[in-house]
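Following: one structure in structure tokens, then a few remarks.
We did not get these values from a lab; they are worked out from the coordinates using the rules stated. All of these numbers come straight from a predicted model, not from anything done at the bench. Using ideal geometry, Cβ is built from the backbone for each residue, glycine included, and neighbour counts are taken over all protein chains shown.
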Amino acid sequence: MHSERTWWSKTRLLMIICLAVLAVFGFLVHAFAEALNHIAIFGFPLGFYMAAQGSPIAFVILVFWFASRQDRIDRSFGNAEE
């Protein structure tokens with residue numbers, strides 16, 4: 001029972017971290033896109049680049065990072081799938 005609570009505690013913390021990162025790249029970056037447009041990278045405004053390329057790349061990286069961290073948590077508590 002104690003092990004299950006600890007597992008859920010670690011899993012919940014991982015979910016909260018991932019949701020916070022998702023909120024930053026999904027909402028916060030887009031909210032400041034116009035302000036970021038004053039900075040240019042390779043001729044493209046930074047706001048456009050972050051909205052069109054940065055956020056989707058961050059989402060894909062976040063999915064793989066979440067899966068690897070969750071697998072590590074599962075393995076440490078003996079809940080891993082083979």
Being free of Cβ contacts under 8 Å to residues at least 60 places away in the same chain, in contact with a helix residue (DSSP H, G or I) (Cβ under 7 Å, 6 or more places away or on another chain) and not polar (S, T, N, Q): is that true of residue 28 here? no
Select from segment 33-82 the residues that are among the hydroxyl-bearing types (Ser, Thr, Tyr), under 21 Å from residue 13 (Cα atoms) and either more than 23 Å from the chain's Cα centre (by Cα) or surrounded by 11 or more Cβ atoms within 10 Å (Cβ to Cβ) (or both) and list them in ascending order. 76
Can you confirm whether residue 21 is surrounded by 13 or more Cβ atoms within 10 Å (Cβ to Cβ) and without any contact (Cβ under 8 Å) to a residue 40 or more places away in the chain? no
